[in-house]
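Report on the structure given below.
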Amino acid sequence: MYRQEVPQYGALLDLVADINMEVIQQNPSLEAILRDSNQLDRLNVERHGAIRVGTPKELSTIARMFGVMGMTAVGYYDLSVANVPVHATAFRPVKEESLNRNPFRVFTSLLRLDLVEDVALRERAAEILSKRRIFTSRALELIDLAEQRGGLTQEEAEDFVSEALETFRWHRESTVDIQTYQALRSSHPLVADVVCFKGPHINHLTPRVLDIDRAQSAMHTHEIRAKATIEGPPRRNVPILLRQTSFLALEEPVYFRGGEGAAGSHTARFGEIEQRGYALTMKGRALYDSLLQDAAGSSLDEAFTAFPDDLAILRKEGLAFFRYEINLERQAGSPKPDATLDQLVDSGWLRALPLTYEDFLPVSAAGIFHSNLGSETHAEYSEAADRAAFEAALGHQVLDEIALYEAAQAASVEECRRRLKLGNCELGS
Ligand code: OOG
Ligand code: NI
């Protein structure tokens, strides 16, 4: 649906597929890591999307809708610090076998009307939002059914998908008149984008590329208007976390309510490409965040020389997460029962495969939001993050992404320990 709605997205997919094929051919060590961690197949379907909802009720229902598809809210992202009046989570699969099949994620923002200063405007926005219904009644029925029965039949599932599409579709007809649109827009372009339309249209879908610098220059050659800089860490031998770039939002015709002269335009939808690197531990993430701050005073490349760029060092210093597995090539004898994890890796009993980062980065997300909002300026928000309000709206807590990587690593260590019959030896250290 999105490819039909935004043809440039199709061009982006083709460009990414070409680059991925080249990189896999030219970089055997990357190919080996991808193959051994079952990521070669998922690469062809791997995307993330983004939507923005307006009310707590919309958020809790969208959570149930994603729940039917095996996607759970992971992480809390506060964008108010970047002057964007939303907070967000990512709905995504969490089990390893689900991630291997298709790691589809949806960055889902909830509008924070509490950040709109003008009380009358805030109330008007709330009133408009209270009247819209973003889910079809059949979709709601099927969500109930899936929850009661723990799933859907094939036929129901197909029905569910076509009903769910209605929620994410683009509508050219605004639900408000142009004056209301402009008033909301002057508060913040995002307020208008969320409030003035029938539903939370997908605003981008993002394929995963294996070399984002190549993708960035290819966008320039194809005359796609790419964002000037790539968000996230600089180019490295060992990719970490996430690097992202986007092409600028399209100006689209919109038909407003009421009278003549009601045609206008809105910039809502854009394209994005990302390169996923490895998941960092709390320690690694703290180092990343502090270097990103340092980079504000120098350059990204310079600041990041302090971040080890070698997989073995990242592992030994506890900066990144890994999945351990028994090295099948090493069969003879058995390891010393009191061997440490490092010794088992060094002596070739175990292999350590870096875990891919499956989540998002708030500073990068802010950069992506901003590159697509135009150059209008607006007031700075003084309010802080409000995770409690977000989770109350969602209906439950979000999962902690670091805890998920930690659990995946620990489970792999435990499995190795069991299979190598290492008794109670301490492998966690
Ligand atoms: C979401 C922007 C954030 C990302 O990849 O960090 C995002 C939005 O514009 O709604 O998608
Ligand atoms: Ni995105």
Descending packing, highest mean Cβ count within 10 Å first, for 35-41, 353-359 is 353-359, 35-41
What is the set of long-range amide H partners of ASP177 at a cut-off below 5 Å, with H atoms built 1.01 Å from backbone N?
ARG257
From the cross-link list LYS95/LYS283; LYS57/LYS283; LYS57/LYS227; LYS95/LYS336, the entries with a Cα-Cα span beyond 29 Å are LYS57/LYS283; LYS57/LYS227; LYS95/LYS336
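State the dimensionless ratio Rg/Rh of the range 301-406 (Rg: radius of gyration of Cα atoms; Rh: Kirkwood radius). Don't skip to the end; give the middle numbers.
On the way: Rg = 21.5 Å, Rh = 18.7 Å.
Value, to two decimals: 1.15.
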The chain - share of DSSP beta bridges that are antiparallel (%, nearest 5)
75 percent
Expressed in angstrom and ordered largest first, the alpha-carbon extents of the range 249-295 along the principal axes are 59, 20, 18
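Using only the heavy atoms of the protein chains and a 1.4 Å probe, how would SER98, SER174 rank by accessible area, largest first? Don't skip to the answer; put the middle values down first.
On the way: SER98 40, SER174 10 Å².
Result, largest first: SER98, SER174.
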Which value, in Å², gives the accessible area per residue of the chain when a 1.4 Å probe is used on the protein heavy atoms?
46 Å²
Relative contact order of the range 228-309, defined on C-alpha pairs under 8 angstrom at six or more residues apart (%)
30 percent
Just to confirm the number: angle between the C-alpha axis of helix 212-221 and the first principal axis of the chain, 0 to 90 degrees, nearest 10?
40 degrees
Probe radius 1.4 Å, ligands and nucleic acids ignored: give me the carbon and sulfur share of the accessible area of the chain as a rounded percent.
51 percent
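Need one number: the % of Cα-Cα pairs in the range 6-108 sitting beyond the 15 Å mark.
Working: 3722 of 5253 pairs.
Of the Cα pairs, 71 percent sit more than 15 Å apart.
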HIS396: accessible area at probe 1.4 Å, nearest 10 Å²?
90 Å²
With no solvent and one equal point scatterer per Cα, compute the Debye intensity ratio I(q)/I(0) for the chain at 0.08, 0.11 Å⁻¹ and report its log10, rounded to two decimals.
-0.49, -0.91
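Taking square-rooted eigenvalues a ≥ b ≥ c of the alpha carbon gyration tensor, is the range 153-288 rounded, prolate or oblate, where a/c under 1.5 means rounded and, failing that, a/b exceeding b/c means prolate?
Details: a/c = 2.19, a/b = 1.60, b/c = 1.36.
Verdict is prolate for the range 153-288.
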Surface accessible to a 1.4 Å probe, GLU414 within the full protein complex, Å²
80 Å²
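The values are calculated or read from the model by the stated rules, or taken from the named source; none is laboratory data. The model shown is predicted, which means the values in this text are computed figures rather than measured ones. FYI the Cβ positions are ideal-geometry reconstructions off the backbone, even for glycines, and counts take in every protein chain you see. Surface areas here come from the heavy atoms of the whole protein model, side chains and all, with no ligands, DNA or RNA. Shrake-Rupley method; radii C 1.70, N 1.55, O 1.52, S 1.80 Å.
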